[in-house]
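In what follows, a single structure is set out as structure tokens and then discussed.
The values are calculated or read from the model by the stated rules, or taken from the named source; none is laboratory data. These numbers were taken from a predicted model, which means no experiment stands behind them. Here the Cβ positions follow ideal geometry from the backbone for every residue, glycine too, while neighbour counts run over all protein chains shown. Ligands, DNA and RNA are excluded from the accessible area calculation, which covers all protein heavy atoms including side chains. Shrake-Rupley method; radii C 1.70, N 1.55, O 1.52, S 1.80 Å.
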Amino acid sequence: MLGVFYRSKNELTVEEVDDPHVADPSDVIVRVRACGICGTDMKMLHGEYPGTAPPVILGHEFSGEVAEVGPAVRNLTVGDRVVVDPNLTCGACFYCRRSQENLCTEMITTGMNRNGGLAEYCRVPAATVHAVPSGLPFEVAAFSEPLACVLNGVRRAEVAPGDTVGIVGLGPIGVLFSRVLERSGASSVIGLEVSPQRTALARRLGLSPILDPANPRWREELEGLTAGRGVDVAIDAVGSPAATGTAIGAVRRGGTVVVFGIPPGGTRIEIDSNRLVTSELELKGSFIDRFTFTPAIRMLAEGTFDVRPLITHTFGLADAPEAFETVVSGSGLKVQIRP
């Protein structure tokens, strides 16, 4: 089969390798049908994501169908449509036993330190595989992982009915946040985006208003939309010091900032600690999903909102380098590989 390998920093190769087969009684072999390229994949490729173990096949946002199951697998059969939670947790560490599995100290992640979904087939533990309805298109089902992470971020944000929410960064994750928040009681969702390309794409998807943080008057414009206060909740969907700074600058006194985008290891941010204290700001992180895969699948299956307009480019496995270049260019939103 073909697989897309991260070999070393900035080295991406498409190689022919042996098909995976059941090696453990609880293994499932998934025939991959759609796999999204995520910002985290880009950080791994650039050597900015601690814990990545090259050489490894990338890809953790994928859907497919069961091709083979181990003898201990009881809940899946060949031909089932499935998605995969890429994070396999130990169930025994301090955090797993506190129902904080997303903080597991022994976590193994498909597409990061075991071969992932940017291939024709992928071997995964049955415990990470979720069946999806037979009528759910593969390209839609592949949004289960990013949507599950966004749902955890919304939970962390504790958005109350009537809140105004600012989203910094209108890539695929920022757009997903807007779609969920529009249905979660937020009275207004305000986008904050510096890229004209991303702004234009988001506007075509119906997102409005959108402010440009590079505009010196952006805070003044924001206050004009929020009775002079700022937003109740600000979400950094990028994970850069500049984006986090924008989120902190956008939030009102007593507001909440959620940093969702994952910055490179060792990244530092500057914060006015006097404002942090005297304005009683809450600053939170949000990491991957936490018991949110099932509701994400349900929302996609029920058509709570249509994610297909977010898919702007599709490629085959052999064209993966071009697909990654498209992500880097920022000319689209969600880029998918269809093996």
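How much FRET efficiency would the formula 1/(1 + (r/R0)^6) give for residue 338 and residue 229, where r is the Cβ-Cβ distance and R0 is 51 Å, rounded to 0.05?
Here the calculated transfer efficiency is 0.65.
Quick one: if the Förster radius is 30 Å, what FRET efficiency do residue 127 and residue 19 give, using the C-beta to C-beta distance and rounding to 0.05?
E(calc), rounded to 0.05, equals 0.85.
In bins 10 Å wide, starting from 0, what share of all Cα pairs of segment 170-236 does each bin hold, as a percent?
20, 56, 24, 0
Consider just the alpha-carbon atoms of segment 116-166 and return their Rg together with their Dmax, both in angstrom.
Gyration radius and largest Cα-Cα distance of segment 116-166: 15.5, 45 Å.
For segment 11-26, take each phi angle, set θ = phi - 60°, evaluate the Karplus expression 6.51 cos²θ - 1.76 cosθ + 1.60, and give the result in whole Hz per residue in order, putting x for glycine and proline.
10, 10, 10, 10, 10, 8, 9, 5, 4, x, 9, 4, 10, 10, x, 9
Within the accessible area of segment 289-339, what % is carbon and sulfur when the probe is 1.4 Å and the other protein chains stay in place?
48 percent
Might you tell me the accessible area per residue for the chain, computed with a 1.4 Å probe and given in Å²?
43 Å²
Label residue 134 and residue 205 with points 7 Å out from Cα along Cα→Cβ: what is the distance between them in nm?
Those two pseudo-labels are separated by 3.2 nm.
Could you look at segment 1-95 and say what percent of its accessible area is carbon and sulfur, using a 1.4 Å probe and all protein chains?
49 percent
Of all the C-alpha pairs in segment 245-332, what % are more than 19 Å from each other?
Cα-Cα pairs of segment 245-332 separated by over 19 Å account for 66 percent.
Please name whichever of 96, 281, 241 sits farthest to the positive end of the charge dipole of the chain, dipole taken about the Cα centre and charges placed at Cβ: Lys and Arg +1, Asp and Glu -1.
281
Apply the Debye scattering formula to segment 237-278, with a single equal point scatterer on each alpha-carbon and no solvent, then give log10 I(q)/I(0) at q = 0.18, 0.20, 0.21, 0.27 Å⁻¹.
-0.51, -0.62, -0.68, -1.01
Carbon and sulfur atoms: what percent of the 1.4 Å accessible area of segment 164-216 do they account for?
51 percent
Apply the Kirkwood formula to the chain: the hydrodynamic radius equals the inverse of the mean of 1/r over all pairs of different alpha-carbon atoms; give it in Å with one decimal.
Its Kirkwood hydrodynamic radius stands at 20.5 Å.
Can you give me the Rg/Rh ratio for segment 1-132, using Cα atoms for both radii and the Kirkwood formula for Rh?
0.97
What ranking do 306-314, 261-269 get when scored by the average of other Cβ atoms within 10 Å per residue, highest first?
Ranked by mean Cβ neighbours within 10 Å, highest first: 306-314, 261-269.
Tell me the angle of helix 241-250 to the major Cα principal axis of the chain, expressed in degrees between 0 and 90 and rounded to the nearest ten.
For helix 241-250, the angle is close to 50 degrees.
Which order do the peptides 285-296, 174-185, 322-333 come out in when sorted by mean C-beta neighbours inside 10 angstrom, highest first?
Taking the mean over residues of other Cβ atoms within 10 Å, the ranking is 174-185, 285-296, 322-333.
Non-local amide H neighbours of residue 255 (under 5 Å, H modeled in plane, Pro and chain starts lacking H): which ones?
Here the answer is 282, since their amide H atoms fall under 5 Å of that of residue 255.
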